[in-house]
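The values are calculated or read from the model by the stated rules, or taken from the named source; none is laboratory data. What you see is a predicted model; the values in this text were computed from it and never measured. Reconstructed Cβ throughout: ideal geometry from the backbone, glycine too, with neighbour counts over all protein chains shown. Areas reflect the complete protein model, heavy atoms only, side chains present, ligands, DNA and RNA absent. Shrake-Rupley method; radii C 1.70, N 1.55, O 1.52, S 1.80 Å.
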Amino acid sequence: MAILDIVLYPDDPLTNVAEPFERIDSEVMDLAQDMFETMKAYEGVGLAGPQVGVSKQIIVVHEPESKPMCLVNPVLILQGERIEGEEGCLSLPHVYAVVPRASRIKVRAYSPRGKKMEFEAEDFLARIIQHEYDHLQGMIFLERIDIITREKKLQEWQEIRKRILSEIQQG
Ligand code: ZN
């Protein structure tokens, strides 16, 4: 297992639409394990393939109250009303915004072992899955908020990103 590097917004392949897996084999399981490890190391609650440089339809989620799960080729059906909640993202660390999301979702996906899954989720778990699912469409959470707040947050992010990159350069 390995801790993978997190891709910072807007680097590739974060803004691309991720490809579905055409077969689910041991490579998918290995990737899922590395993604779990990475999510844990960064204390995240979710992580999508494009965030670790893999433009494939895979997400890992760990809502504190439920078991960690990995979803391959997920499909979401949004239900319930829209509720607002604060979100952050490992690809834009230190940037937070209040984002409207469906309160309940129906999820269809494969496990990394190729087992078909179908379940419903609500509240925080539903929010995390929707946030990660957006990454597979090449979208970030700031695209879900009003344009004035978005531009302010993106400006904030530009400064933070500069700081992060100069810290990396200095080692
Ligand atoms: Zn994110």
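Return, for the Cα atoms of segment 57-151, the radius of gyration and Dmax in Å, separated by a comma.
So, for segment 57-151, Rg and Dmax equal 13.3, 43 Å respectively.
Mind giving me the FRET efficiency for Glu167 and Glu84? R0 is 30 Å, r the Cβ-Cβ distance, nearest 0.05 is fine.
It comes out at approximately 0.40.
So what's the back-of-envelope 222 nm ellipticity for the chain, counting only DSSP H runs of four-plus at -39500 (n - 2.57) apiece and dividing by all residues, rounded to 500?
-10500 deg cm²/dmol
What base-10 log of the normalised intensity I(q)/I(0) is obtained for segment 125-171 from the Debye formula, alpha carbons as equal point scatterers, at q = 0.13, 0.22, 0.29, 0.30 Å⁻¹?
-0.44, -0.85, -0.94, -0.96
If you take the Cα atoms of segment 2-94, find Rg, then find the Kirkwood Rh from the mean of 1/r over all pairs, what is Rg/Rh?
Taking Rh as the inverse mean 1/r over Cα pairs, Rg/Rh reads 0.96.
Among 21-31, 137-147, what's the highest-first ranking by average C-beta atoms within 10 angstrom per residue? It would help to have the intermediate numbers written out before the result.
Numbers: 21-31: 13.7, 137-147: 16.2.
Ranked from most to least packed, the peptides come out as 137-147, 21-31.
Taking the DSSP beta bridges in the chain as the whole, what percent of them are antiparallel, to the nearest 5?
Numbers: 26 of 27 bridges.
Here the antiparallel bridges make up roughly 95 percent for the chain.
In the chain, carbon and sulfur make up what percent of the accessible area (probe 1.4 Å)?
Using a 1.4 Å probe with all protein chains present, the chain comes out at 48 percent carbon and sulfur.
Please compute the Cα-Cα pair-distance distribution of the chain with 5 Å bins starting at 0, giving whole percents from short to long.
Answer for the chain: a P(r) of 2, 8, 17, 22, 22, 15, 8, 4, 1, 0 percent.
What net charge do the residues around Thr15 carry, taking every other residue with its C-beta under 12 Å from that of Thr15, with Lys and Arg at +1 and Asp and Glu at -1?
Once all neighbours under 12 Å are counted, the net charge is -4.
By the scheme Lys and Arg +1, Asp and Glu -1, what is the net charge of all other residues having a beta-carbon under 10 Å from that of Gly85? Could you put the intermediate results ahead of the total?
Working: positive: Arg101, Arg127; negative: Glu84, Glu86, Glu87, Asp123.
With Lys, Arg at +1 and Asp, Glu at -1, the neighbours total -2.
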